[in-house]
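Chemist: Here you go, one structure.
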Amino acid sequence: MSALNKIIAAGFTLAMDGNDLVIKPFSKLTPNQRAFLKSHKAEIVAELKQQQAGNDADTFDDRHYCHECTRLVNGRCVVQRFKPTDDIPRRCADFVVRVLL
Ligand code: SF4
């Protein structure tokens, strides 16, 4: 278990505010937890930044797989009339999100 996951499992939330590490509820940290955070800060900050970068990439990625599109019927695109190789996401002006209920 990573240092970040250990402190989360102990009931804390962690986030980056610029270059500052924010821990809530800070007042609930025991002296041992504070020492743990101090000695693992670099590892925790790196993991949080990596997670944030992943979240940012997901937020701004406007590509989709054809299997996520209602216009893919039996493996064929009914709008563009071809059978797409659906191994990478694409930007498509005709994309309509498939809603799964
Ligand atoms: S409309 Fe675009 S995204 Fe949808 S199946 Fe056809 S090619 Fe894929």
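All of the numbers you see were taken from the coordinates with simple rules; none came from a lab. A quick note: this is a predicted structure, and the numbers were derived from the prediction, not measured. Please note: Cβ atoms are built from the backbone with ideal geometry, for glycine as well, and neighbour counts cover all protein chains shown.
Chemist: Quick one: Ala93 ticks every box in (1) in a loop (DSSP other than H, G, I, E, B); (2) away from the ligand (no atom under 16 Å from the Cβ) bar one, so which box is it?
Modeler: Tallying (1) in a loop (DSSP other than H, G, I, E, B); (2) away from the ligand (no atom under 16 Å from the Cβ), Ala93 fails exactly one: (2).
Chemist: Name the pairs: first residue in the stretch 74-96 and over 17 Å from Asp62 (Cβ atoms), second residue assigned to a loop (DSSP other than H, G, I, E, B) and of a type in the set (Lys, Arg), Cβ to Cβ under 9 Å, at least 6 apart or on different chains?
Modeler: What qualifies is Gly75/Lys83; Arg76/Lys83; Cys77/Arg71; Cys77/Lys83; Val78/Arg71; Val79/Arg71; Gln80/Arg71.
Chemist: Mind checking whether some residue in the stretch 52-62 is exposed (fewer than 13 other Cβ atoms within 10 Å of the Cβ), more than 16 Å from the ligand (Cβ to nearest atom), within 16 Å of the chain's Cα centre (by Cα) and of a type in the set (Val, Ile, Thr)?
Modeler: To start, the set of residues in the stretch 52-62 that are exposed (fewer than 13 other Cβ atoms within 10 Å of the Cβ) comprises 52-62.
Imposing the further condition that a residue be more than 16 Å from the ligand (Cβ to nearest atom) reduces the set to 52-60.
Okay, now just the ones that are also within 16 Å of the chain's Cα centre (by Cα), so 52-60.
Still in the list and also of a type in the set (Val, Ile, Thr): 59.
Among the residues of the stretch 52-62, at least one is exposed (fewer than 13 other Cβ atoms within 10 Å of the Cβ), more than 16 Å from the ligand (Cβ to nearest atom), within 16 Å of the chain's Cα centre (by Cα) and of a type in the set (Val, Ile, Thr), which makes the answer yes.
Chemist: So, Leu48, is that one closer than 19 Å to Arg98 by Cβ and surrounded by 15 or more Cβ atoms within 10 Å (Cβ to Cβ) or not? I'd like the intermediate steps shown before the answer.
Modeler: Working: closer than 19 Å to Arg98 by Cβ: no; surrounded by 15 or more Cβ atoms within 10 Å (Cβ to Cβ): yes.
Spelling it out, it is not the case that Leu48 is closer than 19 Å to Arg98 by Cβ and surrounded by 15 or more Cβ atoms within 10 Å (Cβ to Cβ).
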